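These notes are about the structure you will find just below.
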Amino acid sequence: MNILRFTNLPGDGIGPEVMSVALKVLETLGQRNGFSIETTEHDVGGIGIDNHGSALPDTTLSACKDANAILFGSVGGPKWESLPPKEQPERAALLPIRKAFELFANLRPGNLYPELADLSPLRPSTVSNGIDVLCVRELTGGIYFGQPKSTQTLENGEEQSIDTMVYKTSEIERITEIAVKAASLRQKKICSVDKANVLETSVLWRKVVSDSVQRLDPSIELTHMYVDNAAMQLVRDPNQFDVLVTENMFGDILSDELAVICGSLGMLASASLGTGKNRLGFPFGLYEPAGGTAPDIAGKNLANPCAQVLSAALMLRYSFGMEKEASAIESAVKQTIRDGFRSGDISSGSESVGTIEMGEAIIERLPA
Ligand code: NAD
């Protein structure tokens, strides 16, 4: 029997509630499809600080290193907000994990089901058929990490700050490879976003993306778009895109724009893939909901578990190579929404169900 070995790090706030649903979904799907899950749970974030004095305890990090993937909840909350910024759960847990596993590719599916179209701030005529776009963001390069990065006082007394945007061919090649793989499971269309009319790094970006797509899979339809235009086109007609691939800062902004046009954080999953392969030969990855710990609703059975469940589906797709099973989970979530089950965040004020009930509805809709 195929055994899926991964660590689960529920974290804080709603993390444990939605993680419990995702694990039940995986267990049930496994029982019906001939695989089992072998997962260990570890503290991360605020609960890591409380129990071990660190947002990323050594035991948690070494368990992650022994696993094939990480299923992550979310971290942080008011209890830890007075800590110095560097010690706060999100920064002190997620950044070191990204570094330890060189998580260079961030995949953010922007999915809005037609049944939830009224949650989108876009015109009904634009989103009546839903939205299905995947944003692939380079996560470890560009202006956020380039050197020099400094602030200095000039001779005339004013201050001057410098950030440096820098990309190497190899960094662009590897993110393009991820975009090509993702596109090959979808409509085989990639739009690469840059600012090649102004930035040197974007001129290189455009050239390397073109060469890489040509080398990896010339049947992919590749287009290029300036980032200012892409930001406009996303709100004008999001479904003109299949896969967007872009550098770190542009991806940071565009992926959040995509999230907001899809209506609810409770529905959105994400994957961050590393440079290394796991023992199965697939990319090591961290899979987590796009939203945070939602302290306003934590512990009340009000959280929407879909984002965490869909993150588990991404884990099957990318770190275990189980496309059929990943799609089965996505279909079950879609059918749950189609059948009218709504958690509070997506109910538009009408009747809603709790986290547990939403999870049970998803499980009932998994293939027999
Ligand atoms: P948030 O995403 O936690 O909440 C924003 C709003 O969305 C809230 O009204 C919340 O109730 C709602 N929401 C989010 N996920 C939901 C879900 N699954 N079901 C229903 N409603 C949901 O953002 P925030 O309030 O800015 O941050 C709260 C805490 O989460 C902070 O401590 C922040 O640092 C942390 N955070 C962590 C991560 C992470 O772990 N990756 C990401 C973002 C925020």
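The values are calculated or read from the model by the stated rules, or taken from the named source; none is laboratory data. If you're wondering where the values come from, they're calculated on a predicted model, not measured in any experiment. Note: ideal-geometry Cβ built from the backbone for every residue, glycine included; neighbour counts use all protein chains shown.
For the reader, a short list of remarks on this structure follows.
- Residue check, ALA182 small (Gly, Ala, Ser) and touching a His at 6+ places or on another chain (Cβ under 9 Å): no
- GLU81 vs. criteria in the same structural domain as ALA312 (by TED's automatic domain parsing) and within 22 Å of the chain's Cα centre (by Cα): no
- Qualifying residue in region 86-104 (condition: in contact (Cβ under 8 Å) with a residue 60 or more places away in the chain, away from the ligand (no atom under 14 Å from the Cβ), surrounded by fewer than 17 Cβ atoms within 10 Å (Cβ to Cβ) and of a type in the set (Asp, Glu)): yes
- All positions within region 346-363 that are touching a helix residue (DSSP H, G or I) at 6+ places or on another chain (Cβ under 8 Å), of a type outside the set (A, V, I, L, M, F, W, C) and at pLDDT 95 or above: SER352, THR355, GLY359
- Test for GLU90: is it acidic (Asp, Glu) and more than 25 Å from ASP12 (Cβ to Cβ): no
- Residue match in region 126-133 (condition: assigned to a loop (DSSP other than H, G, I, E, B), within 23 Å of ASP211 (Cα to Cα), of a type in the set (S, T, N, Q) and in contact with a helix residue (DSSP H, G or I) (Cβ under 9 Å, 6 or more places away or on another chain)): no
- Take the conditions (1) outside any loop (DSSP other than H, G, I, E, B); (2) away from the ligand (no atom under 16 Å from the Cβ); (3) more than 13 Å from LEU29 (Cβ to Cβ); GLU325 misses just one of them, which is (3).
- Region 148-197, subset more than 25 Å from the chain's Cα centre (by Cα) and not in a strand (DSSP E or B), residue nearest to THR275 (Cα to Cα): ALA196
- Taking every residue in region 354-368 that is polar (S, T, N, Q) and pairing it with any residue that is not in a helix (DSSP H, G or I), at least 6 positions away or on another chain, the pairs with Cβ-Cβ distances below 6 Å are THR355/ASN301; THR355/ALA303; THR355/PRO305.
- Among the numbered conditions (1) within 22 Å of GLY73 (Cβ to Cβ); (2) in a loop (DSSP other than H, G, I, E, B); (3) within 16 Å of the ligand (Cβ to nearest atom), the only one that LEU366 does not meet is (3).
- Matching entry among SER270, SER264 (being surrounded by 23 or more Cβ atoms within 10 Å (Cβ to Cβ) and under 20 Å from ASN106 (Cβ atoms)): SER270
- Those strands (runs of 3 or more DSSP E) lying entirely in region 198-307 with at least 2 residues within 16 Å of the ligand (Cβ to nearest atom) and either under 18 Å from the mean Cα position of the chain (by Cα) or within 30 Å of ASN68 (Cβ to Cβ) (or both): 269-277, 283-289
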